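Visitor: Below are the structure tokens for one structure; questions will follow.
Read-outs: derived from the displayed coordinates by stated rules, not from any lab. Nothing here was measured: the structure is a model prediction, and the numbers come from that model. Every residue, glycine as well, gets a Cβ built from its backbone with ideal geometry; the counts of neighbours run over all protein chains shown.
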Amino acid sequence: MGALQYVDVPGYAALLLRRTYADLSLPGALMERASGWLKPTPARWSGETKTWLFPSGATLTFGYLEAEGDKFRYQSAEFQDIGFDELTQFSDTQYTYLFSRLRRPTMPCVRCGQPLEMTLKDGLWIHVGEEEHQPEPDMIILREYPKSKERNLSIFQVPLRMRSGTNPGGFGAEWVKNRFIPDDFLPEHATQPRVWEKDAAIENEETKETEIVHTFFVPSRKDDNPYADKTTYEKSLSKLGYVERQQLGKGDWSITATGRMRFDPEAIGKFEPVTGTDGELFMEEEPNGRLVPMFRPRRNGILTIWKRPERGHLYVIGADTAQGRDVNRGEGTAKGDFSVDQVRDADTGEQVARLRARISERAHAEQLNMLARWYNLAFVVPEIAGGYGTAMLDHLILDLLYPIGRFN
Ligand SMILES: [Zn+2]
């Protein structure tokens with residue numbers, strides 16, 4: 001169960017939700033399964049708060065949101081990991097409200113009062129915004145949240161995660177489908193181990209404005225769950241109607257009717273995304289006057305890196321320029337497509353970085369120029385289908401003098 005991944009970190013809190021208390025507490029349901037795993041450990045159970053307390057001070061809480069107003073029971077709580085089991089039984093407003101509870105303790109810089117955050121990889125403090133001076137974290141807060149003894153990990157490094165499991169069908173199937181299931185997803189795709197991504201247009205409850213939400217969807221089938229009793233499961237499926245058989249047996253989201261749902265933490269665990277470091281590149285002048293790209297970590301930066309450039313490695317960048325509109329310069333709306341550059345290590349095929357931004361073709365060329373130079377003068381493979389990308393490429397080669405034909 002992914003929620004248990006950071007229980008050695010002081011201050012860590014995880015929440016697992018079902019729609020009703022009965023769903024949580026029935027034999028074989030989440031609470032009983034957790035109990036089976038945790039009883040032999042030093043963790044202690046509180047029946048009153050439905051919380052496991054770990055020796056580090058970390059907690060795992062089981063909750064339910066039966067009535068719409070139940071969500072406000074969590075209004076003063078903070079969690080770093082929230083899991084919805086059988087998501088289509090919940091309303092979209094219950095789900096989105098819980099995002100406001102997904103947070104870490106705040107750490108101000110005692111010198112300037114601006115918020116600080118810790119880099120995931122190196123555990124260094126940086127300002128969230130731009131500040132020139134050395135960050136000075138608040139020692140009182142730091143003492144309150146020491147690093148874990150086992151892994152030297154701080155709560156400030158724990159990723160914030162909202163993950164859900166569900167079957168198709170159920171009364172919330174429509175909003176779950178709109179948010180997570182790409183339009184071109186078909187049930188037969190579920191046999192491929194693949195993470196599907198979607199830019200879903202979601203209307204904001206308060207502002208009534210449409211926002212683009214980037215979501216990940218991992219299909220899984222009954223065969224992916226090594227713990228499911230397949231014979232019994234298939235037997236019980238055969239008793240259901242056609243619609244439910246398609247939903248539960250094949251993961252078919254295109255069919256709707258009511259259905260029962262199943263949580264598959266094992267399948268989700270297989271696709272644990274590795275958290276990268278967000279930031280941006282900028283050009284810095286060396287003493288000899290040469291301009292070299294440098295990386296600066298920054299929350300919500302357009303560049304995510306998993307591995308920095310390594311000496312002697314050859315990298316390949318797939319560059320996809322979207323319809324060139326720059327939202328920041330008042331061109332078009334926030335609904336424009338993203339330009340995306342994927343950086344891979346040419347030997348291992350491993351993805352080491354991704355740039356993703358709604359920017360003009362010229363701005364994309366500037367970013368790609370820095371990115372490709374930083375990754376050892378990477379081999380750039382531009383996509384120019386559909387007419388977009390040629391202006392980007394011209395700017396990259398003719399103005400920025402990127403040696404795109406150098407590769408041999
Ligand atoms: Zn400061």
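Visitor: Would you calculate the separation in nanometres between label points at TRP306 and ARG356, each defined as 7 Å from the Cα along the Cα-to-beta-carbon direction?
Guide: 1.2
Visitor: Mind ranking 212-219, 286-293, 37-44 by how tightly packed they are, going by the mean number of other C-beta atoms within 10 angstrom, highest first?
Guide: 212-219, 37-44, 286-293
Visitor: Next question, about the same structure. Looking only at region 125-142, which residues have a backbone nitrogen under 17 Å from a spot 7 Å from the Cα of THR106 in the C-beta direction?
Guide: 126-130, 136-142
Visitor: Viscosity 0.890 mPa s, temperature 25 °C: Stokes-Einstein D of region 45-104 from its Kirkwood Cα radius, in µm² per second?
Guide: D, rounded to a whole number, is 195 µm²/s.
Visitor: Here is a further query. Which of rounded, prolate, oblate describes region 142-227, given a ≥ b ≥ c as roots of the alpha-carbon gyration tensor eigenvalues and a/c under 1.5 marking rounded, otherwise prolate only if a/b is larger than b/c?
Guide: oblate
Visitor: So who's got an amide H within less than 5 Å of the one on GLU86, skipping anything under 5 residues away but keeping other chains? H placed 1.01 Å off N, in plane.
Guide: Amide H neighbours of GLU86, under 5 Å, 5+ apart: GLY165, THR166.
Visitor: Continuing with this model, one more query. Take the alpha carbon atoms of region 24-38, find their center, do the same for region 158-207, and report the distance between the two centers in whole angstrom.
Guide: 26
Visitor: Show me the ranking of peptides 160-169, 394-403, 73-82, 27-36 by mean Cβ neighbours inside 10 Å, starting with the highest.
Guide: Highest to lowest by the protection proxy: 160-169, 73-82, 394-403, 27-36.
Visitor: Between region 334-369 and region 82-103, how many Å separate their Cα centres?
Guide: A separation of 31 Å, based on Cα centres.
Visitor: Compute the orientation-averaged projected area for region 13-56 from the convex hull of its Cα atoms and round it to one decimal in nm².
Guide: Here the figure is 3.3 nm², rounded to one decimal.
Visitor: What is the list of residues in region 285-320 whose amide nitrogen lies under 18 Å from a point 7 angstrom out from the Cα of ILE404, following Cα to Cβ?
Guide: Within reach of a label on ILE404: 315-320.
Visitor: Can I ask one more? Would you mind putting 122-129, 88-95 in packing order, based on average other-beta-carbon counts within 10 Å, highest first?
Guide: Answer by packing, highest mean first, reads 88-95, 122-129.
Visitor: Another question about this same structure. Report the net charge of residues surrounding ARG104, where surrounding means a beta-carbon distance below 13 angstrom and charges are Lys +1, Arg +1, Asp -1, Glu -1.
Guide: 0
Visitor: Residues with amide H under 5 Å of CYS109's amide H, sequence separation 5 or more or different chain, H placed in the peptide plane at 1.01 Å from N; which?
Guide: GLN114, LEU116
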